[in-house]
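Accompanying notes for the structure given below.
The values are calculated or read from the model by the stated rules, or taken from the named source; none is laboratory data. Quantities reported herein were computed from a predicted structural model and do not represent experimental measurements. Reconstructed Cβ throughout: ideal geometry from the backbone, glycine too, with neighbour counts over all protein chains shown.
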Amino acid sequence: MKTDLDCVLRLRDRVPQGHKLALVDIPADAPVLRYGIPIGYARQDIAAGSWVHERLLRMPEARGLEGLPIANAKRASLPPLEGYSFEGYRNADGSVGTRNILAITQTVQCVAGVTDFAVQRIKSELLPRFPNVNDVVALEHAYGCGVAIDAPDAAVPIRTLRNISLNPNFGGEVMVVSLGCEKLQPERLLPPGSFAIVDERNKAGSGASAEATLDVVCLQDDAHVGFMSMVESIMRQAELHLKRLNARQRETVPASELVVGVQCGGSDAFSGFTANPAVGFCTDLLVRAGASVMFSEVTEVRDGIDQLTSRATTPEVAEAMIREMAWYDAYLQRGGADRSANTTPGNKSGGLSNIVEKAMGSIVKSGSAPISSVLAPGEKLKAKGLCFAATPASDFICGTLQLAAGMNLHVFTTGRGTPYGLAAVPVIKVATRSDLARRWHDLMDVNAGTIADGSASIEDVGWELFRLMLDVASGRKKTWAEQWKLHNALVLFNPAPVT
């Protein structure tokens, strides 16, 4: 099959939607350019008009971590963006929630079945009495006693679970279900001083706080005789927390109180020029408004590390990025893998030839703002502006770690389509293609495919997303994932060995 194109180029192959074709003759071993950088080297001569796919490309080596540009990029002009606000829940620690949720933390997977049974009863029997509480969620995870809890890097899943328990959408109400014999004891998970409650003086308006006593239901406690005794104990404690959460009211807060995690999953070739650039434009709007934005996924930015270190606000921020990349390189090497293992069959079917091409389209979610901070996995965000939160690229692990960092709103772009959602925060889904937005009309919240169609610009969709964020954060609108109560399980990143 041959087709003449408007540029007087003859198409030599049947090229699937979203895939690449050569605009010029490319000799063997020559670089193949997209986004202005080599995404690979031709394994053979490629004639102009030919389909360019994975099998024709030799992937470049990863950029070394030495001699990188450090905090030397020309700063983008990002004037302050003022006058934008949302209706949120202020917390005693100064954070702001976009939802008012009771979360029940679990120290070990063993208690998950009992906790889930209790949560279902809480939702049906108790929650209707507390209309200001949005939901009750069990923070279920797969952590168990087999883990080497004192091994190097074993701190990662522990601090992740600790910081998730303190997410702004949970209002400072900390409730734990423990088995009793587990390695990760409640006091190790949430030691004294790691969280606070509001005392009576604060309720009177003085702003004072008091150290909390950890509220733990231990299933192995001698007082529990039978399964229902355990369930009723969980329900009694949950009711106390629900009463306090129900007294909370939304109030007007500046847009600077948003903590947004941006992520992509089921990416395709459209991700890098529709949805992700629109998210990048919105990221700049959020930074201009004084908000916090996290972009992540180490393997999906690794090939653009020079772009990132040059955008760092200080040499220390650049060095922190390099340190996280080096740690992850070593982690992959220990597992006998490298960054090339990232791309999925769906990514490739959608036109992404390799991780280099995928990375260039992923980085644009970060916009053009300077990168002002870096987080190691499981750490809590304490800075405003743009942050690189080092996480694996797995949707579920990345989302879990961004929850731990303190995000109160999530943005997720997809080209192939995924019904991903989180129970703890609203997830705004952005489709890269109009066809996906049409077919998944009741799963996608924003259609960035209009950029490719020519009916909207990157800036148009970026502003649409920004305004939708304020509405969703205020509770004026629900995302489709919230509407259908779709959410994925939390997945703790545990690089420590399991014994």
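Data for the structure
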{"quantity": "Flag for Gly421 being modelled with pLDDT of 95 or more and touching a Leu at 6+ places or on another chain (Cβ under 9 Å)", "calculated": "yes"}
{"quantity": "Test for Ala437: is it of a type outside the set (D, E, K, R) and either part of a helix (DSSP H, G or I) or at pLDDT below 95 (or both)", "calculated": "yes"}
{"quantity": "Some residue of region 384-396 being among the β-branched types (Val, Ile, Thr), more than 29 Å from Ile37 (Cα to Cα) and either without any contact (Cβ under 8 Å) to a residue 40 or more places away in the chain or surrounded by 19 or more Cβ atoms within 10 Å (Cβ to Cβ) (or both)", "calculated": "no"}
{"quantity": "Tabulated pairs, region 21-48, first outside the structural domain of Ala359 (by TED's automatic domain parsing) and closer than 12 Å to Ser353 by Cβ, second surrounded by 14 or more Cβ atoms within 10 Å (Cβ to Cβ) and of a type in the set (Ser, Thr, Tyr), C-beta under 9 angstrom, 6+ apart or interchain", "calculated": "Val32/Tyr41; Val32/Ser353; Arg34/Ser353; Ile39/Ser353; Gly40/Ser353"}
{"quantity": "Residue in region 427-449 that is within 14 Å of the chain's Cα centre (by Cα), of a type in the set (A, V, I, L, M, F, W, C) and under 19 Å from Val491 (Cβ atoms) present", "calculated": "yes"}
{"quantity": "Residues (surrounded by 14 or more Cβ atoms within 10 Å (Cβ to Cβ) and in a loop (DSSP other than H, G, I, E, B)) located in region 121-141", "calculated": "Phe130, Val133, Asn134, Glu140, His141"}
{"quantity": "Candidates Glu173, Glu140 - the one that is in contact (Cβ under 8 Å) with a residue 60 or more places away in the chain, under 23 Å from Ile234 (Cβ atoms), touching a Lys or Arg at 6+ places or on another chain (Cβ under 8 Å) and not hydroxyl-bearing (Ser, Thr, Tyr)", "calculated": "Glu173"}
